[in-house]
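The values are calculated or read from the model by the stated rules, or taken from the named source; none is laboratory data. It should be emphasised that the depicted structure is a prediction, and the values quoted were computed from it without experimental measurement. Cβ atoms come from the backbone with ideal geometry, glycine included; neighbour counts cover every protein chain shown. Just the protein is used for accessible areas: all its heavy atoms, side chains included, with ligands, DNA and RNA removed. Shrake-Rupley method; radii C 1.70, N 1.55, O 1.52, S 1.80 Å.
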Amino acid sequence: MKYGHFDDRQKEYVIMEPQTPYPWINYLGMEDFFSLISNTAGGYSFYRDARLRRITRYRYNNVPIDDGGKYFYINDAGDVWSPGWKPVKNKLDNYQCRHGLSYTIITGEKNGLEVDVLYFVPLGDNCEIQKVKLTNKSSKSKEFKLFSFVEFCLWNALDDMTNFQRNFSTGEVEVKGSVIYHKTEYKERRNHYAFYSINEPIQGFDTDRESFVGLYNGFENPDAVTEGKSRNSIAHGWSPVASHMLKINLAAGQEKELIFILGYVGNAEDDKWESPGLINKKKAENLIVKYQSSVAVNQEFERLRNYWSNLLSIYQLDSHDEKLNRMVNIWNQYQCMVTFNMSRSASYFESGIGRGMGFRDSNQDLIGFVHQIPEKAKERILDIAATQFEDGGAYHQYQPLTKRGNNEIGGNFNDDPLWLILSTSSYIKETGDWSILDESVPFDNDETKAKSLFEHLKRSFYHVVNNLGPHNLPLIGRADWNDCLNLNCFSKNPDESFQTTENKQGGVAESVMIAGMFVLYGTEFAQICRRYGQQKEADLAIFHVGKMKESIKKHGWDGQWFLRAYDYFGNKVGSRENEEGKIFIESQGFCVMAGIGVDDGKAQSTLESVKKHLDCEYGIVLNNPAFTKYHINLGEISTYPKGYKENAGVFCHNNPWIMIAETILGNGDRAFEYYRKIAPSYLEDISDLHKMEPYVYSQMIAGKDAHKPGEAKNSWLTGTAAWNYYAITQYILGIRPEYEGLLIDPCIPHNWNGFTILRKFRNAVYKIAVQNPEHVSKGIKEIIVDGDKTKGLCVPAFGDGKTHNVTVIMG
Ligand code: BGC
């Protein structure tokens, strides 16, 4: 069942029914001010850091779910309703929510009154604009009241939901004209405040939650709204909120627009006060003046839309498959931007207080984002690298506000360093900018320990070489990419975390996945060395990579597939000898992506085994048979019920590893079959089962062994976005940035006739028409660039600002 439809022209998903199977959300903001907004106007805002600068309050794990947001209420002669259906939940005559690229439009209509709210964060400013359009569609004049409502968070989101003995006494506000200022803690250590304004005189306001709502009510029936009368309350402690009230008259057919602004202002320490006790409102007032009129707001909105059209124009596909087009051209690119911005911090599954920017996560997010804004990607690479240790190891996460690494979710994940090679090489391939390697980057954020980025990559590489186990395979450390495969942990205590507790001493557990990664990204490192004029380093790297290949062939092969690991005791993990968890996806993907076994049939055999043991209707599960018992030597993976998360769920992040592996063997049919199974636009018709938004990937879809196969969880913030974008654009459609130019090597379903792609690349435009007259999956007969046949598969980086026509004949 569907709950809406794609509007590809507007680049929107249009939800027609407020009661979606789960709140379906969107993100506003791309720089410093961010909001999450659901299809019923739930959600919250923050400045840069969802934990430390939370602007509005949100209660995760609430009943009902998704209560609290950016609400509007109408009291139309005693009939109370909300345009987003929630929180009042009175039946609407019409409802629609359009989630677009960094904006959302929610429209509700009742009794001839239509309320249409456009929510967006303008580029370059720290505020969320809410443009409310009221239309009297009836044939009589209408007099009604409009109430706005937001609830402030006392900045630190974790403290806000735990430290009530202090927090119930700290809240402070100011009200001036139609503007409500939230200034809790401003007088002491903070130099920031929030405000909520409207561009018209108001007839009432509230800033104290209980005065507005009533102690025994919920958001669905606030006293002030029901009675049609604001209390003009001033919050002193308890819970500061902001609500404006306007009395509005509309003649039949008349329209009216109002501009609300929810803003964040930071002042310099010596410029905090207007007069003793009164905050300096200058910056807020400037913003309010700037967005005073609908004309100014509409202009900004247009600018935002153009901004997105430009970003998306860098890679545009035209194929016979509209579901594929909308993933590649719109939604997958959009999700890549959001994951780049948020890492794993704030979604409806990530509370914004737990996880900052992940070392491995953010490096991987870059591969789906780097073509959009390479300069931002560069900055991110340097930020991440600055948290690396001198021995090449890394903090597992860093906080976006301070950009400093921390151990809050553990350290010693031995895959972490290698992802830096992936992100840096992706950046260089996209831009041709080798100078990034010369950048001076601190270790552990200590400037006195700064070395070139190239040196950081080298340390990443040697972190593996210097940490080999008894089979000459990489030591896994706390865990590799699979956070839940904790081979050295041996946790018996339910109160400790698998990721942060002290591991058992003397652990020599080894990872075949890291071994595969090392061959893949080690080879990449060698290429970088060679092109960077470091031939000796390159030779040495190739030597180590060669040794690793041997170790994998000798100790990493199980007969029909690659082993996953060796545990603490040196026993095999992911082997036919195991009772449960005989085969895992990660090592199959990485070893084949690295080309291991392509020459001797191992790669083919591995992928057949994946098909046979791991594939199901909803995607490729992570391992099988699922664990049904707790295996103390394997850790968290065996704590999940079978079919969920890392225990045999379809963990979508790693499915593209197999898609890419299939393309390496030329199996375009199978690569695309795997792609379709998890790409959200293909799942729209089963939204009631899938539950999550049909426009973005989820981290996990319950696998074949689960209670409810096909049900997804944890949408939006997942490495799935970047990896699937990478797999479909670079390996299946096969337009791949390489150091010397644009490599063209599609691997598609054999029955496709072809497709065209417009790719902007290093200051030139490539119009690429791929034709497949012989209906092959892979193979190129000829490539003609601007009328001339080229040698090889690589089209040069022309860099001449011109458009080049590329005809590709497969066969
Ligand atoms: C984490 C990743 C990890 C993956 C698999 C995700 O939740 O963010 O870092 O690789 O789970 O365990």
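Below, the figures for the structure above:
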| read-out | value |
| --- | --- |
| The range 492-508, residues that are within 16 Å of the ligand (Cβ to nearest atom) and either touching a Phe, Trp or Tyr at 6+ places or on another chain (Cβ under 9 Å) or open to solvent by less than 10 Å² (accessible area, probe 1.4 Å) (or both) | Q499 |
| Entirely in the range 365-443, the strands (runs of 3 or more DSSP E) that have 2 or more residues that are modelled with pLDDT under 95 | 395-399, 404-411 |
| Only listed residue being within 16 Å of the ligand (Cβ to nearest atom), under 20 Å from the mean Cα position of the chain (by Cα), farther than 19 Å from Q364 by Cα and of a type outside the set (S, T, N, Q), chosen from K713, K691 | K713 |
| Check on S698, in contact with a Pro (Cβ under 8 Å, 6 or more places away or on another chain), within 14 Å of the ligand (Cβ to nearest atom), in contact (Cβ under 8 Å) with a residue 24 or more places away in the chain and open to solvent by less than 10 Å² (accessible area, probe 1.4 Å) | yes |
| Residue check for D318: at pLDDT 95 or above and within 30 Å of N407 (Cβ to Cβ) | no |
| Selection status of I421, more than 16 Å from the ligand (Cβ to nearest atom), under 29 Å from the mean Cα position of the chain (by Cα) and aliphatic (A, V, I, L, M) | yes |
| Which numbered condition M513 fails, given (1) closer than 18 Å to G635 by Cα; (2) in contact with a helix residue (DSSP H, G or I) (Cβ under 8 Å, 6 or more places away or on another chain); (3) part of a loop (DSSP other than H, G, I, E, B) | (3) |
| Candidate set: the range 531-562, residues that are over 27 Å from I658 (Cα atoms) and among the polar types (S, T, N, Q); chosen: the one surrounded by the most Cβ atoms within 10 Å (Cβ to Cβ) | Q534 |
| Residues being among the aliphatic types (A, V, I, L, M) and either in a helix (DSSP H, G or I) or touching a His at 6+ places or on another chain (Cβ under 9 Å) (or both) - total across the range 685-699 | 2 |
| Of all residues in the range 716-738 being among the aromatic types (F, W, Y) and more than 20 Å from G754 (Cα to Cα), the one that is farthest from the chain's Cα centre (by Cα) | W723 |
| Selection count, the range 18-39, where residues are open to solvent by 10 Å² or more (accessible area, probe 1.4 Å) and of a type in the set (S, T, Y) | 2 |
| Residues located in the range 1-17, provided they are out of contact with any Lys or Arg (no Cβ under 6 Å at 6 or more places or on another chain) and surrounded by fewer than 23 Cβ atoms within 10 Å (Cβ to Cβ) | M1, K2, Y3, H5, D7, R9, Q10, K11, M16, E17 |
| Failed condition for N578, given (1) open to solvent by 10 Å² or more (accessible area, probe 1.4 Å); (2) in contact (Cβ under 8 Å) with a residue 60 or more places away in the chain; (3) at negative phi | (2) |
| Of all residues in the range 323-357 being open to solvent by 10 Å² or more (accessible area, probe 1.4 Å), among the polar types (S, T, N, Q) and within 14 Å of the ligand (Cβ to nearest atom), the one that is nearest to Y27 (Cα to Cα) | S345 |
| The range 509-530, residues that are open to solvent by 20 Å² or more (accessible area, probe 1.4 Å) and touching a Ser or Thr at 6+ places or on another chain (Cβ under 9 Å) | E524, Q527 |
| Top-ranked residue in the range 620-668 [being away from the ligand (no atom under 15 Å from the Cβ) and of a type in the set (K, R); ranked as farthest from the chain's Cα centre (by Cα)] | K629 |
| Test result for L733, open to solvent by less than 40 Å² (accessible area, probe 1.4 Å) and modelled with pLDDT of 95 or more | yes |
| Members of the range 130-154 found to be out of contact with any strand residue (DSSP E or B) (no Cβ under 6 Å at 6 or more places or on another chain) and open to solvent by less than 40 Å² (accessible area, probe 1.4 Å), listed by number | S138, L154 |
| The listed residue being out of contact with any Leu (no Cβ under 6 Å at 6 or more places or on another chain), at positive phi, in a loop (DSSP other than H, G, I, E, B) and of a type in the set (S, T, N, Q), out of N503, N493, N488, N472 | N472 |
| Residue list for the range 470-487, restricted to those being more than 16 Å from the ligand (Cβ to nearest atom) and open to solvent by 10 Å² or more (accessible area, probe 1.4 Å) | P470, H471, N472, L475 |
| Set K791, K802, K708: member being away from the ligand (no atom under 16 Å from the Cβ), closer than 30 Å to P21 by Cβ and open to solvent by 50 Å² or more (accessible area, probe 1.4 Å) | K708 |
| Every pair of residues 6+ apart whose Cβ atoms lie under 8 Å, when the first sits in the range 666-686 and is at pLDDT 95 or above and polar (S, T, N, Q) while the second is open to solvent by 40 Å² or more (accessible area, probe 1.4 Å) and in a helix (DSSP H, G or I) | S681/K323 |
| Enumeration of residues in the range 744-782 that are basic (K, R) and open to solvent by less than 40 Å² (accessible area, probe 1.4 Å) | R759 |
| Residue match in the range 75-85 (condition: under 30 Å from R355 (Cβ atoms) and either in a loop (DSSP other than H, G, I, E, B) or in contact with a Leu (Cβ under 9 Å, 6 or more places away or on another chain) (or both)) | yes |
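One line per residue, one yes/no per condition, for (1) out of contact with any strand residue (DSSP E or B) (no Cβ under 6 Å at 6 or more places or on another chain); (2) more than 30 Å from R759 (Cβ to Cβ); (3) crowded, with 19+ Cβ neighbours inside 10 Å:
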site	(1), (2), (3)
K376	yes, no, no
G393	yes, yes, yes
Y398	no, yes, yes
K403	yes, yes, no
E408	yes, yes, no
T424	yes, no, yes
Y427	yes, no, yes
